[in-house]
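*Asks:* Take this structure first; my questions come after.
The values are calculated or read from the model by the stated rules, or taken from the named source; none is laboratory data. Because the structure is predicted, anything quoted here is derived from the model rather than measured. Here the Cβ positions follow ideal geometry from the backbone for every residue, glycine too, while neighbour counts run over all protein chains shown.
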Amino acid sequence: MGMNVGGGGEDEAMMDINTTPLIDVMLVLIIMLIITIPIQTHAVKLDMPSATPPQTNTTPPEVINIMVDFDNTIQWNGTTVDRQNLELRLKDAALKNPQPEVHLWPNKLAKYNTVAMVMASAQRLGVTKLGLVGAEQFMD
């Protein structure tokens, strides 16, 4: 990065590239790019609630407890049921308005297939309020 101070005579060709026109062209291109880019809006469109408060239901929802024991037996609110009876009861619960909350209580020693079958049946039959209760036992 030295500077040429002469001394070679006038017959020698200058080997440095003149970068001034290159810089001028690049600055013009950057200015043109800045002008042509559309202005970005950082607004987030939200559907705000209306001024009228929603009507609240003062009665608590019905709660259905489904327990899967360590020996993979299924209980509906304390009554032992088989798969067909479980699906009939889940179908009836899905058709109620408002739909009851279904709490699934799996035992730590229950097989995954049984718990997954109960959850899949509930989803297939239209139960939308399904919750897994007692998950803290699996934290170990």
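*Asks:* Could you check the stretch 92-117 and list, in sequence order, the residues that are acidic (Asp, Glu) and in contact (Cβ under 8 Å) with a residue 12 or more places away in the chain?
*Replies:* Glu101
*Asks:* Then there is this: For the stretch 59-82, check the following and say yes or no: at least one residue is modelled with pLDDT under 75 and surrounded by fewer than 10 Cβ atoms within 10 Å (Cβ to Cβ). Break it down into steps so the answer makes sense when it comes.
*Replies:* The initial filter retains those residues of the stretch 59-82 that are modelled with pLDDT under 75, namely none.
No, that holds for no residue.
*Asks:* Then there is this: Given the conditions (1) touching a residue at least 24 places away in the same chain (Cβ under 8 Å); (2) part of a loop (DSSP other than H, G, I, E, B); (3) small (Gly, Ala, Ser), report the number of the one that Ala51 does not fulfil.
*Replies:* Among (1) touching a residue at least 24 places away in the same chain (Cβ under 8 Å); (2) part of a loop (DSSP other than H, G, I, E, B); (3) small (Gly, Ala, Ser), the lone unmet condition for Ala51 is (1).
*Asks:* Read through the list (1) within 27 Å of the chain's Cα centre (by Cα); (2) more than 30 Å from Met139 (Cα to Cα), then give the number of the only condition that Val102 fails.
*Replies:* Condition (2) is where Val102 drops out.
*Asks:* Tally up the residues in the stretch 70-88 that are within 33 Å of the chain's Cα centre (by Cα) and outside any loop (DSSP other than H, G, I, E, B), please.
*Replies:* 7
*Asks:* Can you name every residue in the stretch 89-113 that is in a loop (DSSP other than H, G, I, E, B) and surrounded by fewer than 18 Cβ atoms within 10 Å (Cβ to Cβ)?
*Replies:* Narrowing the stretch 89-113 to residues in a loop (DSSP other than H, G, I, E, B): 96-100, 107-111.
Those that are in a loop (DSSP other than H, G, I, E, B) and surrounded by fewer than 18 Cβ atoms within 10 Å (Cβ to Cβ): Lys96, Asn97, Pro98, Gln99, Pro100, Asn107, Lys108, Leu109, Lys111.
To keep it simple, each residue is scored yes or no on (1) under 22 Å from Glu136 (Cβ atoms); (2) of a type in the set (S, T, N, Q).
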| residue | (1), (2) |
| --- | --- |
| Val68 | yes, no |
| Gln84 | no, yes |
| Leu95 | no, no |
| Ser121 | no, yes |
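*Asks:* In the stretch 22-69, which residue that is over 28 Å from the mean Cα position of the chain (by Cα) and charged (D, E, K, R) is farthest from Arg83 (Cα to Cα)?
*Replies:* Asp24
*Asks:* Among the numbered conditions (1) part of a strand (DSSP E or B); (2) of a type outside the set (Val, Ile, Thr); (3) under 24 Å from the mean Cα position of the chain (by Cα); (4) closer than 18 Å to Asp69 by Cβ, tell me where Gly131 comes up short.
*Replies:* (4)
*Asks:* Criterion first (under 28 Å from the mean Cα position of the chain (by Cα), at pLDDT below 95 and either assigned to a helix (DSSP H, G or I) or surrounded by 13 or more Cβ atoms within 10 Å (Cβ to Cβ) (or both)) does Ala116 satisfy it?
*Replies:* Numbers: under 28 Å from the mean Cα position of the chain (by Cα): yes; at pLDDT below 95: yes; either assigned to a helix (DSSP H, G or I) or surrounded by 13 or more Cβ atoms within 10 Å (Cβ to Cβ) (or both): yes.
When the stated conditions are applied, Ala116 passes them.
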